[in-house]
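Read the structure below first, then the notes.
Only the coordinates and a few stated rules stand behind these numbers; no lab work does. Given the structure is predicted, the values throughout are model-derived calculations rather than measurements. Cβ coordinates were reconstructed from backbone atoms using ideal geometry, including for glycine residues, and neighbour counts include every protein chain displayed.
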Amino acid sequence: MMRILALLLIIILSRFNTLGQLDSTWNLLIVKKGKQIELKDDMAKYSSSGFYLHRNCLYDVILLNEAMHTLKLIGIRPDSLTFISIANNTVRDTLVIHYKEIDKILLVKNWLSNSRKEIKCAKYNFVFHKSPINYTFPSKYDYIFSVDEKMSELHPRLTHQGIKYFYEYQGKLYFHSSIEVQQPNISNKEKANALKAAAIALDLLINRRITVTIRK
């Protein structure tokens, strides 16, 4: 019995070692339970077959305590996410949140009515893994009003249509349509490494082997 347990431990450790060798940024893939992982060209846009949270992006979330926040993701570690809140173009609180504290992710569908699609997190697997890809969207800067003397930061934000740029004015976020979001340039090799790492991590998470595909 002890030999069997030791063998299982060696297998598990070897899998985690494989993850580490892929070098070496922690990322978070969210995939609906029972769905196959599918790596697509746009991995930031919501998809039940998997989407990545990206650093420097704003996410609208409701926590288990029913508090609603719009937060900028700045760090990913196993089981936890580090956010900052943004108001009046200044950094506010830094929050470290265990992923199980997030009840829902909200996707803005209409900028004017502020209607949203709700993603119930309990129905999804949160897959933390390492890969060569650092999933990040940079901020942009632009003059919002003609009287502006300096540029305002445009924050990438996850919406129902994917990542879009928003600017903050007097404590509220407004859609900025002048600058299109450019998708990161990710090589096939990087995609393959990320695919392998995500598959191993999810296999360990749910204790069964799955198949994954890359959409070309």
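At 0.36 nm per residue, minus the direct Cα-Cα distance, what do SER24 and TYR141 gain on full extension? Give it in nm, one decimal, please.
Working: separation 117, 0.36 × 117 = 42.12 nm, distance 2.95 nm.
My answer for the length gained is 39.2 nm.
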Quote to one decimal, in nm, the extra length available between ILE206 and ASN56 on full extension: 0.36 nm per residue of separation minus the C-alpha distance between them. 51.1 nm
Counting only backbone N atoms under 15 Å from a point 7 Å out along Cα-to-Cβ of TYR169, the residues of the range 121-153 in range are 142-153
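Efficiency by 1/(1 + (r/R0)^6): what FRET value for ASP93 and ASN188, r their Cβ-Cβ distance, R0 = 41 Å, to the nearest 0.05?
Values: r = 40 Å, r/R0 = 0.98.
Approximately 0.55, to the nearest 0.05.
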Under 13 Å Cα to Cα from LYS33, which aspartates and glutamates show up? Leave out anything in the same chain fewer than 8 places away. ASP203
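Within the set LYS150/LYS189; LYS120/LYS196; LYS72/LYS109; LYS130/LYS150; LYS32/LYS196; LYS40/LYS72, which residue pairs have Cα atoms separated by over 30 Å? The partial results should precede the final answer.
Working: LYS150/LYS189 40 Å; LYS120/LYS196 26 Å; LYS72/LYS109 19 Å; LYS130/LYS150 38 Å; LYS32/LYS196 18 Å; LYS40/LYS72 23 Å.
LYS150/LYS189; LYS130/LYS150, as the Cα separations exceed 30 Å there.
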Under the Karplus relation 6.51 cos²θ - 1.76 cosθ + 1.60, θ = phi - 60°, what is the ordered set of whole-Hz ³J(HN,Hα) values for the range 143-156, x standing for Gly and Pro? 7, 7, 10, 5, 8, 5, 9, 9, 6, 9, 6, 9, 8, x
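Kindly provide the chymotrypsin sites (Phe, Trp or Tyr not before Pro) of the range 131-198 that DSSP labels as loop, not H, G, I, E or B, and whose Cβ sees at most 13 other Cβ atoms within 10 Å. Before the final figure, lay out each step's value.
Values: sites: TYR135, TYR141, TYR143, PHE145, TYR165, PHE166, TYR167, TYR169, TYR174, PHE175; in loops: TYR135, TYR143, PHE145.
Filter output for the range 131-198: TYR143, PHE145.
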